[in-house]
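**Q** My questions all concern the structure below.
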Amino acid sequence: MRIAVMGAGGMGGYLGAKLARGGHEVALIARGSHLEALRRRGLRISGAESLEVTGVLATDRPAEIGVVDAVLFCVKLYDTEAAARLMRPVLGEDTFVVTVQNGVESAARIAAVIGPGRTLAGAAYFPANIVAPGEIAWLGRMAGKPLIACGEPGGGPSPRAHAFAQVCNEAGVEAAVFDDTERMVWEKFCLMAGSSAATALARQPIGPVRSDPDARWMLARAVGEAAAVGRALGVALPGDIEQRVLGFLDATPANGKSSQLVDLERGRRLELEWLSGTVARLGREHGIPTPIHRTVYAALKPYASGAPEGA
């Protein structure tokens, strides 16, 4: 399968490396010093798994790639529309896009740019970050979850989702297909919105947050608020989703950091508007109190565009 990875950062870089090592024709779309390193010496995965991939096309010009079978869409939430426009040259008549972004509105936002019926909803369950140009640190899998899940927005059977999952599984990336993608995306969102809020506000990885009683209370409330908003929207979330998410986070590496915490530490732009900001916005629209996410949003808002001057 010919696969373009739009946003070959932590998540996209790891998946792209595994798929390339699995024998698929992979092109990595990146920018800046990371792109230059990919061109010079290839992509290196370190941490819980060691892997080096060379000879893979890396570019910031998708027109150089040509039409592909699938696009793995892994950009930051604030780059969604711009990246969707940028990838038009790789889209053929049957090309499909798999978004594994953190938000709950990603598939719809991409479809608004490239047209309906081309995007699969997805979720990825592993922590990975760029630690140096051309190097991705992969901290290991999240217990009890596939590395990647996908399915048709709105639900229903999906031959293309099953074909993509088969490609992933054969390359050593455990993948699963979900019929109820709304529930799939919101379960991941409860995890990401909750953990991103708590770890970024505390400026601590998940280990100290989950082990401190007060920080754990904040984490649990943040997860619960996201779940309450999802239920208000009609999402069939499990009644024990809060306990499931906390149990899941208890089993993850203690040094794991949400991408929002990593971006905050490095003075980069945050996905705040599409995480706590979305929980707070949808909560207001549907009459659901979200005091934790409103507080996190207010506290981190000065950093949303990057480190403020003098910080």
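**Q** Given the conditions (1) small (Gly, Ala, Ser); (2) in a strand (DSSP E or B); (3) in contact with a strand residue (DSSP E or B) (Cβ under 7 Å, 6 or more places away or on another chain); (4) over 21 Å from residue 22 (Cα atoms), and given that residue 58 satisfies all but one, which numbered condition is not satisfied?
**A** (4)
**Q** Which ones in the stretch 182-222 are crowded, with 20+ Cβ neighbours inside 10 Å, of a type in the set (Lys, Arg) and in contact with a Lys or Arg (Cβ under 7 Å, 6 or more places away or on another chain)?
**A** 210
**Q** What are the pairs with Cβ atoms under 8 angstrom where one residue, in the stretch 134-158, is over 23 Å from residue 16 (Cβ atoms) and in the same structural domain as residue 98 (by TED's automatic domain parsing) and the other, located anywhere, is among the β-branched types (Val, Ile, Thr) and modelled with pLDDT under 90? Sequence gap at least six, or different chains.
**A** The qualifying pairs are 143/252.
**Q** Just checking, how many residues over the stretch 1-58 are in contact (Cβ under 8 Å) with a residue 60 or more places away in the chain, surrounded by fewer than 16 Cβ atoms within 10 Å (Cβ to Cβ) and touching a Leu at 6+ places or on another chain (Cβ under 8 Å)?
**A** Looking only at that region, the number is 1.
**Q** Right, next: Is it the case that some residue within the stretch 284-292 is surrounded by fewer than 24 Cβ atoms within 10 Å (Cβ to Cβ), aliphatic (A, V, I, L, M) and on the phi < 0 side of the Ramachandran plot?
**A** The answer is yes; a qualifying residue exists.
**Q** Which condition number in (1) assigned to a loop (DSSP other than H, G, I, E, B); (2) assigned by TED's automatic domain parsing to the domain that holds residue 220 is the one that residue 309 fails?
**A** Here residue 309 meets the rest and fails (2).
The values are calculated or read from the model by the stated rules, or taken from the named source; none is laboratory data. Model, not experiment: these values are computed from the prediction. FYI the Cβ positions are ideal-geometry reconstructions off the backbone, even for glycines, and counts take in every protein chain you see.
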